[in-house]
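The values are calculated or read from the model by the stated rules, or taken from the named source; none is laboratory data. From a predicted model like this one, the values you see are computed outputs, not experimental measurements. Because the Cβ atoms are built from the backbone with ideal geometry, glycine has one as well, and the counts that use them run over all protein chains shown.
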Amino acid sequence: MALAIEAIRSKAMSKRKAAMTFGVPRSTLLDKLSGRVPEARTRPGPATVLSAAEEDVLVNYIK
């Protein structure tokens with residue numbers, strides 16, 4: 001996805017060709033380029049309670 005967006009922005013490919021080359025739906029590329037959908041993946045839902053380090057400590061304790 002990121003490569004397709006980069007190819008379009010650098011004028012290396014058309015939107016249609018980038019969609020076909022990278023196997024990404026053209027509508028998705030258009031949505032991301034227009035800003036309707038954020039480019040970065042976001043996780044839906046509330047923030048995590050434990051940090052990754054705290055989670056690792058808990059997992060090791062349970063084992």
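Condition check ((1) among the polar types (S, T, N, Q); (2) in contact with a Pro (Cβ under 6 Å, 6 or more places away or on another chain); (3) part of a helix (DSSP H, G or I)) across all residues:
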position: Ala4; (1), (2), (3): no, no, yes
position: Ala7; (1), (2), (3): no, no, yes
position: Ala12; (1), (2), (3): no, no, no
position: Ala18; (1), (2), (3): no, no, yes
position: Thr28; (1), (2), (3): yes, no, yes
position: Asp31; (1), (2), (3): no, no, yes
position: Arg41; (1), (2), (3): no, no, no
position: Pro46; (1), (2), (3): no, no, no
Is there any pair with a first residue in region 36-63 that is within 30 Å of Ile8 (Cα to Cα) and a second that is part of a loop (DSSP other than H, G, I, E, B) and of a type outside the set (Asp, Glu) whose Cβ atoms are under 9 Å apart and which are 6 or more apart or on different chains, and what are they?
-> Glu39/Met1
(1) touching a residue at least 12 places away in the same chain (Cβ under 8 Å); (2) surrounded by 13 or more Cβ atoms within 10 Å (Cβ to Cβ) all hold for Met13 apart from (1)
Taking region 27-37 only, how many residues are at pLDDT 90 or above and of a type outside the set (Ser, Thr, Tyr)?
-> 5
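So that you can scan it fast, the table gives a plain yes or no per residue for (1) small (Gly, Ala, Ser); (2) surrounded by 12 or more Cβ atoms within 10 Å (Cβ to Cβ):
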{"site": "Arg9", "(1), (2)": "no, no"}
{"site": "Lys17", "(1), (2)": "no, yes"}
{"site": "Pro25", "(1), (2)": "no, no"}
{"site": "Leu29", "(1), (2)": "no, yes"}
{"site": "Pro38", "(1), (2)": "no, no"}
{"site": "Ala47", "(1), (2)": "yes, no"}
{"site": "Asp56", "(1), (2)": "no, no"}
{"site": "Asn60", "(1), (2)": "no, no"}
Tell me, which residue of region 38-53 that is β-branched (Val, Ile, Thr) and farther than 20 Å from Ile5 by Cβ is modelled with the highest pLDDT?
-> Val49
Checked region 24-37 for anything within 11 Å of Ile5 (Cβ to Cβ) and of a type in the set (Val, Ile, Thr); matches are Val24, Thr28
